[in-house]
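Asker: What follows is a structure written as C-alpha cells; I'll ask about it next.
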Amino acid sequence: MRMGLSSFETMPHSTLSRSVEDYLKAIFGLSSGGNPASTSAIAEALDIQPASVTGMVKRLAEAGLVGHVPYRGVNLTEAGERAALKVLRRHRVIETYLCQRLEYQWEDVHAEAERLEHAASDELVERMATALGSPSHDPHGSPIPTRAGEIEATTLVTLADAEHGTRMRIREVRDEDAEELRSMAADGLVPGVRLLIDSVRDVNGVVGVVVGGGDGTVLAVQNHLAQQIYVVLDDA
C-alpha cells in the first residue's frame, strides 16, 4: 500500500528497518544530481549484489518510497526523500555531537554515526541538535537537513574538476574514508579553507593548489583525493 505523506511524517523512524534506511540514504546520494540511481550504483554504494538490490527496490516501490524510471533506475518519491532526509539528519547531527562534545576526530565519526543513526530516537537526536545550537553543517561541511525535512541546495564541483587559475573555497568533503580524511586534515584541506587553483595541471594527475588562496602553502593534491573534496567559487 502506498504510504501517504501526511501519515509518513508522523511515523517514528523505527518503523523503517535499518536496511530500508540504508537504501533510501544511498539512493538519495546517488540521485541528488537529478539522475536516477541505477541498480549497479546502488549495489556498489551498499557493497551488495545487484540481485539483492532488485528485490529491495521492488519492495520500496510497493511501499511508495521510490519510483522506477524505465531502463535508467529509480528516484525517491516525496515520502522516500523525506525518510532519507530524516536518516541524514540523524547521521550528521550525531557526527557533529561526537566531534564537538565527545572530542572524536573527524575521520572517526562516520563509522560511529553509521551504527548509531539506526538506534538513536528522534527525541535524542533533537536534544543533541539543541545542545549543539542547531548546527547547519556537520564536521565534513555537509549540510544538515532541518527538522522540517529541508536541506540546503548548493552547486558544487570537485577540486579535481575546478578550473585552473580560479579561487575556490572548500565546501565539504566525502567522509567515508578515514585515511583520506586524515590526509586532508594534515594538509589543511578542510571546509572553509580558501584555495588558489594552479594555472597548470600536472600531467600525472595532480592538482596544484595554494592553500589560503594567496601566499600560503603550495600543495600537489593527488587526483583521487581531489575527487573527494567539493569546492565553490570564493566570493571574498
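Asker: Kindly evaluate Thr96 against the criterion of being closer than 22 Å to Met184 by Cα, of a type in the set (S, T, N, Q) and part of a loop (DSSP other than H, G, I, E, B). Let's see the steps before the verdict.
Answerer: Values: closer than 22 Å to Met184 by Cα: yes; of a type in the set (S, T, N, Q): yes; part of a loop (DSSP other than H, G, I, E, B): no.
No, not satisfied.
Asker: Now a separate question. Going through the range 134-181 one residue at a time, which ones are of a type in the set (A, V, I, L, M, F, W, C), part of a loop (DSSP other than H, G, I, E, B), without any contact (Cβ under 8 Å) to a residue 60 or more places away in the chain and in contact with a helix residue (DSSP H, G or I) (Cβ under 8 Å, 6 or more places away or on another chain)? Step through it out loud before you land on a result.
Answerer: Of the range 134-181, the ones of a type in the set (A, V, I, L, M, F, W, C) are 144, 148, 151, 153, 156-157, 159-160, 162, 168, 170, 173, 178, 181.
Keeping just the survivors that are part of a loop (DSSP other than H, G, I, E, B) gives 144, 148, 151, 153, 156, 162.
When the remaining residues are screened for being without any contact (Cβ under 8 Å) to a residue 60 or more places away in the chain, the result is 144, 148, 153.
Ile144 - this is the single residue of the range 134-181 that is of a type in the set (A, V, I, L, M, F, W, C), part of a loop (DSSP other than H, G, I, E, B), without any contact (Cβ under 8 Å) to a residue 60 or more places away in the chain and in contact with a helix residue (DSSP H, G or I) (Cβ under 8 Å, 6 or more places away or on another chain).
Asker: Could I ask something else about it? Collect the residues in the range 110-126 that are surrounded by 14 or more Cβ atoms within 10 Å (Cβ to Cβ) and either hydrophobic (A, V, I, L, M, F, W, C) or over 19 Å from Leu181 (Cα atoms) (or both), keeping them in residue-number order.
Answerer: Ala113, Leu116, Glu117, His118, Ala120, Asp122, Leu124, Val125, Glu126
Asker: What is the one condition in (1) assigned to a loop (DSSP other than H, G, I, E, B); (2) closer than 22 Å to Arg147 by Cβ; (3) among the β-branched types (Val, Ile, Thr) that Ile48 does not satisfy?
Answerer: Single failed check for Ile48: (2).
Asker: Report the residue count in the range 51-83 for those that are part of a helix (DSSP H, G or I), hydroxyl-bearing (Ser, Thr, Tyr) and exposed (fewer than 14 other Cβ atoms within 10 Å of the Cβ). Explain how you work it out, then say what you get.
Answerer: Of all residues in the range 51-83, those part of a helix (DSSP H, G or I) come to 51-62, 78-83.
Keeping just the survivors that are hydroxyl-bearing (Ser, Thr, Tyr) gives 52, 54.
So of that shortlist, the ones also exposed (fewer than 14 other Cβ atoms within 10 Å of the Cβ) come out as 54.
Going through the range 51-83 one residue at a time, the tally reaches 1.
Asker: Please indicate, with yes or no, whether at least one residue in the range 173-195 is on the phi > 0 side of the Ramachandran plot and at pLDDT 90 or above. Outline the logic, then answer.
Answerer: Going residue by residue through the range 173-195, those that are on the phi > 0 side of the Ramachandran plot are 188, 192.
With the extra rule that they be at pLDDT 90 or above, the set shrinks to 188, 192.
For the range 173-195, residues on the phi > 0 side of the Ramachandran plot and at pLDDT 90 or above: present.
Asker: Moving to a separate point now. State all residues of the range 20-38 that are more than 11 Å from Asn75 (Cβ to Cβ) and surrounded by fewer than 18 Cβ atoms within 10 Å (Cβ to Cβ); if no residue qualifies, say none.
Answerer: Gly29, Gly33
Asker: Then there is this: Among the numbered conditions (1) surrounded by fewer than 22 Cβ atoms within 10 Å (Cβ to Cβ); (2) among the acidic types (Asp, Glu); (3) not in a loop (DSSP other than H, G, I, E, B), tell me where Glu107 comes up short.
Answerer: Among (1) surrounded by fewer than 22 Cβ atoms within 10 Å (Cβ to Cβ); (2) among the acidic types (Asp, Glu); (3) not in a loop (DSSP other than H, G, I, E, B), Glu107 violates only (3).
Asker: Taking the conditions exactly as written (of a type in the set (S, T, N, Q), under 20 Å from Gly192 (Cα atoms) and not assigned by TED's automatic domain parsing to the domain that holds Gln228), does Ser134 satisfy them or not?
Answerer: Numbers: of a type in the set (S, T, N, Q): yes; under 20 Å from Gly192 (Cα atoms): yes; not assigned by TED's automatic domain parsing to the domain that holds Gln228: yes.
When the stated conditions are applied, Ser134 passes them.
Asker: Report, by residue number, each residue of the range 122-133 that is among the hydrophobic types (A, V, I, L, M, F, W, C) and touching a residue at least 24 places away in the same chain (Cβ under 8 Å). Walk me through how you get there before you give the answer.
Answerer: Applying the first criterion (among the hydrophobic types (A, V, I, L, M, F, W, C)) to the range 122-133 yields 124-125, 128-129, 131-132.
Result: Val125, Met128, Ala129, Ala131, Leu132.
Asker: Got a number for residues in the range 1-36 being at pLDDT below 90 and not in a loop (DSSP other than H, G, I, E, B)?
Answerer: Of the residues in the range 1-36, 8 are at pLDDT below 90 and not in a loop (DSSP other than H, G, I, E, B).
Asker: Test Leu233 against the stated conditions and say whether it is crowded, with 16+ Cβ neighbours inside 10 Å and at pLDDT 90 or above. Even if it seems obvious, please write down each step before you answer.
Answerer: Working: crowded, with 16+ Cβ neighbours inside 10 Å: no; at pLDDT 90 or above: yes.
When the stated conditions are applied, Leu233 does not pass them.
Asker: Looking at the range 61-110 only, could you name the residues that are closer than 24 Å to Thr130 by Cβ and touching a Gly at 6+ places or on another chain (Cβ under 6 Å)?
Answerer: Arg82, Leu85
Asker: What pairs can you find where one residue is in the range 51-62 and in contact (Cβ under 8 Å) with a residue 12 or more places away in the chain, the other is among the small types (Gly, Ala, Ser) and part of a helix (DSSP H, G or I), and their Cβ atoms are less than 8 Å apart, with a gap of 6+ or different chains?
Answerer: Here the result reads Val53/Ala43; Met56/Ser19; Leu60/Gly80, each pair linking the range 51-62 to a residue that is among the small types (Gly, Ala, Ser) and part of a helix (DSSP H, G or I).
Asker: Considering only the range 75-84, I want to know if a residue exists there that is closer than 25 Å to Leu189 by Cα and of a type in the set (A, V, I, L, M). Before you say what the answer is, go through the steps one by one.
Answerer: Kept after step one, since they are closer than 25 Å to Leu189 by Cα, are these residues of the range 75-84: none.
Checked against the condition, which is being closer than 25 Å to Leu189 by Cα and of a type in the set (A, V, I, L, M), the range 75-84 yields no hits at all.
The values are calculated or read from the model by the stated rules, or taken from the named source; none is laboratory data. Model, not experiment: these values are computed from the prediction. Reconstructed Cβ throughout: ideal geometry from the backbone, glycine too, with neighbour counts over all protein chains shown.
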